[in-house]
Amino acid sequence: MTPRVLIVEDESDIAESIRRSLTREGRYQAATVGTAEAALQELSARHYDMTVLDLNLPGMDGLELCRQIRRSDRGAQLPILVLTARVEEADVVLGLELGADDYLTKPFRMRELEARIRALLRRAQLAQEQPAGHFDDGEIEADLGDYRVAVAGRPVRLTKTEFNLLAVLITNCGRVLSRERLLEKVWGYDFPGQTRTVDVHIKNLRAKLGTKTGKRIETVFGIGYRLLER
């Protein structure tokens with residue numbers, strides 16, 4: 001089935017350029033909307049496989065839109081790529097903390113945008129095909145098939161990216177994984193990406209696991225991260 005992409009961008013020339021590029025040769029189906037309100041309506045009315053989201057939108061901005069998408073049942077696992085002219089680190093970090101899977105700053109190259117879209121869609125497809133598995137070390141319990149996690153019996157709600165990140169750490173428990181390796185395994189990138197994306201998702205994951213359990217995700221300075229054995 002041809003992947004469906006929703007482009008949320010209020011600059012019509014940019015939105016149309018992205019749409020034409022994605023739909024060339026029938027690789028994707030793509031629709032464009034110019035406001036957050038229209039995006040919420042579109043996402044509730046039709047199925048999409050991912051969304052490309054500008055932060056500078058009229059009315060409700062892209063950050064609040066990202067928050068609302070993640071709060072909905074349909075949007076909880078939807079891949080979100082933030083496309084923004086905001087280059088301040090605080091804006092980028094906030095977008096990732098609110099649930100975006102990755103970000104790309106403007107101006108951008110269309111080839112890189114398409115590469116990131118392919119990577120996120122490939123990762124989502126691989127996650128659906130991943131065989132079920134179960135992990136339980138007496139503290140962290142994770143059902144890798146049903147995307148369920150509990151810490152000391154307490155259910156923990158994670159985004160798909162956070163869950164996939166935890167799953168990679170679990171399956172490599174005790175081993176150090178570089179940021180680049182995590183980008184490859186979790187985000188599906190076979191090209192240099194934004195390692196800051198990894199750092200923010202690790203921060204979010206630690207917070208959701210709780211103070212004690214979150215400390216088990218150890219930072220190996222200058223290299224990456226590992227999940228310590230219990």
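Which residue is nearest to the chain's Cα centre (by Cα), if the candidates are limited to region 4-19 and must be surrounded by fewer than 19 Cβ atoms within 10 Å (Cβ to Cβ) and in a loop (DSSP other than H, G, I, E, B)?
My answer is 10.
Within region 78-93, restricting attention to residues that are more than 19 Å from residue 163 (Cα to Cα) and in a helix (DSSP H, G or I), which residue is nearest to the chain's Cα centre (by Cα)?
The qualifying residue nearest to the chain's Cα centre (by Cα) is 92.
Taking region 95-117 as the region of interest, how many residues are under 13 Å from the mean Cα position of the chain (by Cα) and at pLDDT below 90?
Count: 11.
Run residue 23 past the list (1) free of Cβ contacts under 8 Å to residues at least 24 places away in the same chain; (2) closer than 19 Å to residue 74 by Cα; (3) not charged (D, E, K, R) and report the number of the one that doesn't hold.
(2) is the only condition that residue 23 fails.
I'd like the residue in region 25-38 that is closer than 20 Å to residue 113 by Cα and of a type in the set (A, V, I, L, M, F, W, C) and, out of all such residues, is surrounded by the fewest Cβ atoms within 10 Å (Cβ to Cβ).
31
Yes or no: residue 41 without any contact (Cβ under 8 Å) to a residue 60 or more places away in the chain, out of contact with any helix residue (DSSP H, G or I) (no Cβ under 9 Å at 6 or more places or on another chain) and not hydrophobic (A, V, I, L, M, F, W, C)?
Criteria met by residue 41.
Report yes if some residue within region 46-57 is under 23 Å from residue 160 (Cβ atoms) and assigned to a helix (DSSP H, G or I); otherwise report no.
Checked region 46-57: no residue is under 23 Å from residue 160 (Cβ atoms) and assigned to a helix (DSSP H, G or I).
Is it the case that residue 67 is farther than 25 Å from residue 16 by Cβ and in contact (Cβ under 8 Å) with a residue 12 or more places away in the chain?
Considered against the rule, which asks whether it is farther than 25 Å from residue 16 by Cβ and in contact (Cβ under 8 Å) with a residue 12 or more places away in the chain, residue 67 comes out as yes.
Quick one: which residue in 22, 81, 113, 57 is surrounded by 17 or more Cβ atoms within 10 Å (Cβ to Cβ), touching a Lys or Arg at 6+ places or on another chain (Cβ under 8 Å) and within 24 Å of residue 197 (Cβ to Cβ)?
Step by step, each of 22, 81, 113, 57 is checked, and only 81 is surrounded by 17 or more Cβ atoms within 10 Å (Cβ to Cβ), touching a Lys or Arg at 6+ places or on another chain (Cβ under 8 Å) and within 24 Å of residue 197 (Cβ to Cβ).
Within 27 Å of residue 21 (Cα to Cα), at pLDDT 85 or above and buried (at least 16 other Cβ atoms within 10 Å of the Cβ), is that true of residue 92?
Against the criterion (within 27 Å of residue 21 (Cα to Cα), at pLDDT 85 or above and buried (at least 16 other Cβ atoms within 10 Å of the Cβ)), residue 92 does not qualify.
State all residues of region 64-77 that are closer than 17 Å to residue 161 by Cβ and of a type in the set (A, V, I, L, M, F, W, C); if no residue qualifies, say none.
The answer is 66, 69, 76.
Can you work out which of the residues in region 144-153 that are in a strand (DSSP E or B) and surrounded by 15 or more Cβ atoms within 10 Å (Cβ to Cβ) is modelled with the lowest pLDDT?
That would be 148.
The values are calculated or read from the model by the stated rules, or taken from the named source; none is laboratory data. These numbers come from a predicted model, not from an experiment. All Cβ positions, glycine included, derive from the backbone under ideal geometry; neighbour counts span all protein chains shown.
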